[in-house]
Amino acid sequence: MSISQIGRSIAESATLKLNETAAILRAKGEPVIHLGGGEPKTKPPIDALVTASALLNSGEIRYTPADGIPALKQAVIRYMDEFYDRKVQPENIICSGGAKQSIMVALQAILNPQEEVIYPAPYWVSYPEMAKLCGGVGVPVYAEDGTFYPRIQDIEAKLGPYTRAVIINSPNNPTGAMYPEQFIAEIVELCEKRDLYLIMDDIYHRLIFDGRKPINCYKYAKNLDESSKLIVVNGVSKQYAMTGFRIGWAVANKKLIRVMTNIQSHQTSGPSALCQQAAVGALNGVQSSVESLRVTLENNRNVLVERLNTFRGVRVSKPDGTFYCFADFSAYGKSSQKLAQRLLDKVRVLVMPGIEFGLDGYLRISYCGTVKDITEGIERMKWVLDPEAPNELYLGNRKLVRDW
Ligand SMILES: Cc1ncc(COP(=O)(O)O)c(C=O)c1O
């Protein structure tokens, strides 16, 4: 069977494989604790459900414009005004099947084969694969000081004749690090100076802790006219717990949005009419669910970090936002893939191997579930990894005895 070069270049996702194994185990009745996921467990806002239901009941569910329905664009215009103090027009917006599709069509619109897109490491798993899907090259940048906070000089050192774009995701999946305002100012300035596209993946920008406020990248842009290469991406998946609706958007100059729309129109057409209506409901409705989710996540983070600090071999940086913690487990084995597999095999806890995000020896632990799952999951992990703990552990009414 002949498979295309691009098809062959896309690696099997270890994350998906672990997820599948966990799903099979769960279906068999195994007490799997899922600390690997990327979605809040709360319900979507009621306004989202009511708005979508009204359309569903009307039966008028048709194709939508390739760049999104006017009502969603109006809601995004209001969102941009509120959170970015920025007045944009409908032609500056594309609504897509998730922020993921917005980023993908942006890259397809700007990358030529062999051209590079740069992003700080650790990075969201999809960035390198998206670059490959465009025939381009993803270039991760590791902070020389070994932290999760990139430095402008490390990024600048990677810029070359093939660099076309930089992606910044803050707060960050997988580390939870929110980059300092100074860094955002510097990266906006650097990209303008070097005439590079800057994709701000702001999907977690409202899920931040300890009194932090979302950072507005436009504040630091000198060029705010239609030649600006700043692209701001967001969506309803995380902040409104609406992952399954698959609605995200990008805001950029009109010419780029036109090109992105052309690409999207031949890929998927406009996103589902029902889901766009739901997103309109979420964006225009009562906003209390976002704050309630944020507070819950902050509490979950505190519980998780406190428990992780009791391990003898774990090093943790307290996440500033998101619902992920990226902790150094290298004292228990250099291969994060093997470690994650071992935790699933031994005690049915699913966490994500750091290698998927560009850093081996680390595990990404999600805290978007319940406190009960977090505490029980961590207790099981500790039992496997810290040998002085009791020799027995109960998974439900099944007794495990440590045999290593
Ligand atoms: C950093 C980052 N960007 C984008 C996305 C995509 O979100 P969506 O569900 O809107 O496609 C995710 C989802 O996990 C993410 O973690």
Regarding Thr268, is this residue within 16 Å of the ligand (Cβ to nearest atom) and open to solvent by 10 Å² or more (accessible area, probe 1.4 Å)? yes
Conditions: (1) outside any loop (DSSP other than H, G, I, E, B); (2) within 16 Å of the ligand (Cβ to nearest atom); (3) surrounded by 18 or more Cβ atoms within 10 Å (Cβ to Cβ). Tyr123 meets all but one. Number of the miss? (1)
Restricting attention to segment 6-32, and to residues there that are without any contact (Cβ under 8 Å) to a residue 40 or more places away in the chain and surrounded by 11 or more Cβ atoms within 10 Å (Cβ to Cβ), which single residue is nearest to the ligand (Cβ to nearest atom)? Leu16
If we keep only residues of segment 148-178 that are away from the ligand (no atom under 14 Å from the Cβ) and in a strand (DSSP E or B), then the residue nearest to the chain's Cα centre (by Cα) is Val166
When you scan segment 84-102, how many residues do you find that are more than 16 Å from the ligand (Cβ to nearest atom) and surrounded by 15 or more Cβ atoms within 10 Å (Cβ to Cβ)? 6
Which condition does Asn391 not pass, out of (1) within 23 Å of the chain's Cα centre (by Cα); (2) open to solvent by 80 Å² or more (accessible area, probe 1.4 Å), if it passes all the others? (1)
Among (1) closer than 29 Å to Leu207 by Cβ; (2) touching a strand residue (DSSP E or B) at 6+ places or on another chain (Cβ under 9 Å); (3) open to solvent by less than 60 Å² (accessible area, probe 1.4 Å), there is one condition Lys318 misses while meeting the rest; what is its number? (3)
Do you know which residues across segment 323-338 are among the hydrophobic types (A, V, I, L, M, F, W, C) and either open to solvent by 10 Å² or more (accessible area, probe 1.4 Å) or modelled with pLDDT under 95 (or both)? Ala331
Does segment 208-216 contain any residue that is touching an Asp or Glu at 6+ places or on another chain (Cβ under 7 Å) and within 16 Å of the ligand (Cβ to nearest atom)? yes
Can you say whether Asp145 is in a helix (DSSP H, G or I) and more than 16 Å from the ligand (Cβ to nearest atom), as far as the supplied structure shows? no
Do we have Leu35 as among the hydrophobic types (A, V, I, L, M, F, W, C) and either in the same structural domain as Tyr127 (by TED's automatic domain parsing) or surrounded by fewer than 22 Cβ atoms within 10 Å (Cβ to Cβ) (or both) here? no
In the list Ala131, Ala75, which residue meets the criterion of being away from the ligand (no atom under 15 Å from the Cβ), in a helix (DSSP H, G or I) and open to solvent by less than 10 Å² (accessible area, probe 1.4 Å)? Ala75
List the pairs whose first member sits in segment 140-156 and is free of Cβ contacts under 8 Å to residues at least 24 places away in the same chain, whose second member is basic (Lys, Arg), and whose Cβ atoms are under 6 Å apart, counting only residues at least 6 apart or on separate chains? Val141/Lys158; Ala143/Arg151
Index of the failed condition, Thr243 passing every other in (1) on the phi < 0 side of the Ramachandran plot; (2) open to solvent by 10 Å² or more (accessible area, probe 1.4 Å); (3) more than 9 Å from the ligand (Cβ to nearest atom): (3)
Of these, Ala54, Ala66, which one is more than 14 Å from the ligand (Cβ to nearest atom), farther than 30 Å from Pro161 by Cβ, assigned by TED's automatic domain parsing to the domain that holds Gly270 and part of a loop (DSSP other than H, G, I, E, B)? Ala66
Of the residues Arg62, Arg78, which single one is out of contact with any His (no Cβ under 9 Å at 6 or more places or on another chain), among the basic types (Lys, Arg) and closer than 30 Å to Glu226 by Cβ? Arg78
Go through segment 315-404 and tell me which strands (runs of 3 or more DSSP E), entirely inside it, have 3 or more residues that are of a type outside the set (D, E, K, R). 324-328, 362-366, 392-395
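The values are calculated or read from the model by the stated rules, or taken from the named source; none is laboratory data. Since the model is a prediction, treat every value here as computed from it, not as a measurement. Don't worry about glycine lacking a Cβ; one is built from the backbone with ideal geometry, like all the others, and counts go over all protein chains shown. Side chains are part of the model used for accessible areas, which takes the heavy atoms of the whole protein and leaves out ligands, DNA and RNA. Shrake-Rupley method; radii C 1.70, N 1.55, O 1.52, S 1.80 Å.
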